[in-house]
1. Only one of these conditions is not met by I113: (1) surrounded by 14 or more Cβ atoms within 10 Å (Cβ to Cβ); (2) more than 20 Å from the chain's Cα centre (by Cα); (3) not charged (D, E, K, R). Which number is it?
2. Against the condition part of a helix (DSSP H, G or I) and surrounded by 20 or more Cβ atoms within 10 Å (Cβ to Cβ), how does A129 come out, does it pass?
3. Assuming D123 fulfils every condition listed in (1) modelled with pLDDT of 95 or more; (2) over 19 Å from the mean Cα position of the chain (by Cα); (3) surrounded by 18 or more Cβ atoms within 10 Å (Cβ to Cβ) apart from one, which condition is it?
4. May I ask you to list the residues in segment 26-68 that are hydroxyl-bearing (S, T, Y) and in contact (Cβ under 8 Å) with a residue 24 or more places away in the chain?
5. Quick check: is even one residue across segment 99-106 assigned to a helix (DSSP H, G or I), farther than 19 Å from T29 by Cα, of a type in the set (A, V, I, L, M) and touching an Asp or Glu at 6+ places or on another chain (Cβ under 8 Å)?
6. Look through L83, L142, L109, L67 and report the one residue that is of a type outside the set (K, R) and under 17 Å from D31 (Cβ atoms).
7. Considering only residues that are within 17 Å of the chain's Cα centre (by Cα), among the acidic types (D, E) and surrounded by 10 or more Cβ atoms within 10 Å (Cβ to Cβ), which ones fall in segment 14-58?
8. Condition test on G106, is it at pLDDT below 95 and either closer than 14 Å to I135 by Cβ or among the small types (G, A, S) (or both)?
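The values are calculated or read from the model by the stated rules, or taken from the named source; none is laboratory data. Everything numeric here is computed off the predicted structure, so don't read it as measured data. Glycine also receives a Cβ, built like all others from the backbone with ideal geometry; neighbour counts cover every protein chain displayed.
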Amino acid sequence: MPRSRFSGSLSSPKVDLVVDMGNPFLNLTVDGFLKIGTVAVAKVAVEETYYVVKRGSVSRNNFEHSLKKMCKEGAYWGAVAGLYVGMEYGAERIRGTRDWKNAMVGGALTGAIVSAASKNKGDKIVADAIAGGAIATAAEFLSYLT
């Protein structure tokens, strides 16, 4: 029986914004903040557009609400990303090597700090640190596959 295959590739455009703060730690942190914050803003913009289309009307109040939500989500996720990138870079500098363990340490520290800042206590902070470390490590391993 004859077989056919379809193969192709999909690549996304690479956008780099260089912000020179005079320090590699600050450069990476600001870069992470801006990139992930922009993704969060775009996510909320698409969600809010969906709700406007579903409702069938847009009002000044809805527009202001959407804009505030975009700013809030962008700032939150940008801050988390900046914190993670900074923690990972710090782990790399302290350990003197660049490997997946830095992602694990950076993710765990970020998870714990964000959890503690959210007024969580004890076991919840530990669980969030474990989740942060696991997610960051998985993302690092996945980046090796591409």
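1. (2)
2. Working: part of a helix (DSSP H, G or I): yes; surrounded by 20 or more Cβ atoms within 10 Å (Cβ to Cβ): yes.
So A129 passes the test.
3. Going through (1) modelled with pLDDT of 95 or more; (2) over 19 Å from the mean Cα position of the chain (by Cα); (3) surrounded by 18 or more Cβ atoms within 10 Å (Cβ to Cβ) one by one, D123 breaks only (3).
4. From segment 26-68, those hydroxyl-bearing (S, T, Y) are 29, 38, 49-51, 57, 59, 66; that's our starting set.
Result: T29, T38.
5. no
6. Just a single option satisfies the conditions, and that option is L83.
7. Once the filter is applied, which keeps residues that are within 17 Å of the chain's Cα centre (by Cα), among the acidic types (D, E) and surrounded by 10 or more Cβ atoms within 10 Å (Cβ to Cβ), segment 14-58 yields only D31.
8. Values: at pLDDT below 95: no; either closer than 14 Å to I135 by Cβ or among the small types (G, A, S) (or both): yes.
Taking the combined requirement at face value, the residue does not satisfy it.
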